Amino acid sequence: MPNEFSEFKDDVRKVGDKLKNLSGVKSGGQAAIVVLALLLLAAGFSSIYTIDPEEAGVILRFGRYLDTTGPGLHFKLPFGIDKLYKVQLTTIRKEEFGFRTSQAGVVTRYENAEYNDESLMLTGDLNVADVEWILQYKVNDPYKFLFHVRNVNKNLRDVSEAIMRLVVGDRSVSDVLTTERVAIADQVKVKMQETFDLYGMGVTVTNVILQDVNPPETVKDSFNEVNAAKQEQEKMVNEAWEAYNQAIPEEKGKADQTIQVAEGYALERINKADGEAKRFRALFRAYVQAPAVTRTRLYLEKMEEVLKRPKQVYIMDPAAKTLLPLLNLKERPAPASAPAAAAGGAQ
């Protein structure tokens, strides 16, 4: 290409030099030369073209694909032999479904027209949802985008609508309207790209955005009432589960505590009984070895234990007719200095 371009410039320069030296040539010859020069100039202008950084150029020679050129200055055959098509590669293109944007900007305005034939869809539970979405894509293969598929935009819209209906039809209307919107957009994006690659459309899907998902206008009020009832139902179920989660662990804790107390009491009684049995066997062995001493010791220990219990102790004399106190354990004895103080006062 660069050599052909330099040769063409040399030819144009030579033609100009010849035109300057035609003073002696007849007028008819001059006209022919002028026509030839104009043809050469036209050929030059139609042979040189530039491609911007965000573009790609597709060259057809006699209607057959020849080459795809990148950014820069290029040369092609003139007079329609080579035909150039420029395609934007970095531009994000979009298609809107269910609505149309009339003016984009800080405040976006939309058309008032309805596109129910695009947006109304049947869900998996045989309900109807009004789904509006945006398809964003860019060109990755200029030749396929231009010539591999006839009417690319229509095919893009048809495929996008068919896949959206397929994915929405696999879900319930409540999922489509609430929790599954992101999952639907992701699944639609993947399926669209697979289909576009299968058809060889030369595009890459960059994003699928669910713009708005609502029930149809004719049943919106009834649908909102149903949703309100479902939300109230879910609220009551959640409150019941909350009460259950509070009461059941508490009662289980009390039951475990009662079981542990009973097990502790049982272990205490067993250990105490075992200790008493061991004590009895030890006493029995001591009694076998020294019966009199053991009896006396047992008697004294028992009397010591019994005499600690009563608050007042009395001596019972068969000859006495009244009861005499043995000890007044509650009253403290008088201090030793009391008799001396009393004696000093008497003097």
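The values are calculated or read from the model by the stated rules, or taken from the named source; none is laboratory data. Predicted, not measured: the structure shown is a model, and the values here were computed from it. Neighbour counts are summed over all protein chains in view; Cβ atoms, including those assigned to glycine, are modelled from backbone coordinates with ideal geometry.
Whenever a residue of the stretch 86-100 is under 13 Å from Val131 (Cα atoms), its partners that are assigned to a loop (DSSP other than H, G, I, E, B), lying with C-beta atoms within less than 8 angstrom and at least six residues away or across chains, give the pairs Phe97/Tyr115; Gly98/Tyr115; Phe99/Glu111; Phe99/Tyr115. With respect to Gln136, is the statement that it is at pLDDT 95 or above, assigned by TED's automatic domain parsing to the domain that holds Glu194 and of a type outside the set (D, E, K, R) true? Yes.
Right, Ile209: more than 20 Å from Asp125 (Cβ to Cβ), at pLDDT 90 or above and hydrophobic (A, V, I, L, M, F, W, C) or not? In short, yes. Kindly provide the set of residues from the stretch 186-209 that are surrounded by fewer than 18 Cβ atoms within 10 Å (Cβ to Cβ) and in contact (Cβ under 8 Å) with a residue 40 or more places away in the chain, ordered by number. Hits for the stretch 186-209 are Tyr199, Gly200, Thr204, Thr206, Asn207, Ile209. Anything in the stretch 170-207 that is closer than 20 Å to Gly98 by Cα and touching a strand residue (DSSP E or B) at 6+ places or on another chain (Cβ under 6 Å)? List them, or say none. Selection gives Val173, Val176, Leu177, Arg181, Ala185, Val188, Lys189, Met192, Val205, Thr206, Asn207.
Ala292 falls short of the stated requirement of being of a type outside the set (Val, Ile, Thr), more than 30 Å from Thr91 (Cα to Cα) and surrounded by 10 or more Cβ atoms within 10 Å (Cβ to Cβ). Would you check if there is a residue in the stretch 25-45 being at pLDDT 75 or above, surrounded by 11 or more Cβ atoms within 10 Å (Cβ to Cβ) and either assigned by TED's automatic domain parsing to the domain that holds Gly202 or not in a loop (DSSP other than H, G, I, E, B) (or both)? Scanning the stretch 25-45, I find no residue that is at pLDDT 75 or above, surrounded by 11 or more Cβ atoms within 10 Å (Cβ to Cβ) and either assigned by TED's automatic domain parsing to the domain that holds Gly202 or not in a loop (DSSP other than H, G, I, E, B) (or both), so the answer is no. Quick check: anything in the stretch 12-23 modelled with pLDDT of 80 or more and outside any helix (DSSP H, G or I)? Checked the stretch 12-23: no residue is modelled with pLDDT of 80 or more and outside any helix (DSSP H, G or I).
All of Lys138, Lys154 fail the test of being in contact (Cβ under 8 Å) with a residue 24 or more places away in the chain, under 18 Å from Phe97 (Cα atoms) and surrounded by fewer than 20 Cβ atoms within 10 Å (Cβ to Cβ), apart from Lys138. Looking across the stretch 119-129, the residues that are in contact (Cβ under 8 Å) with a residue 24 or more places away in the chain and surrounded by fewer than 19 Cβ atoms within 10 Å (Cβ to Cβ) come down to Leu120, Leu122, Gly124, Asp125, Asn127, Val128.
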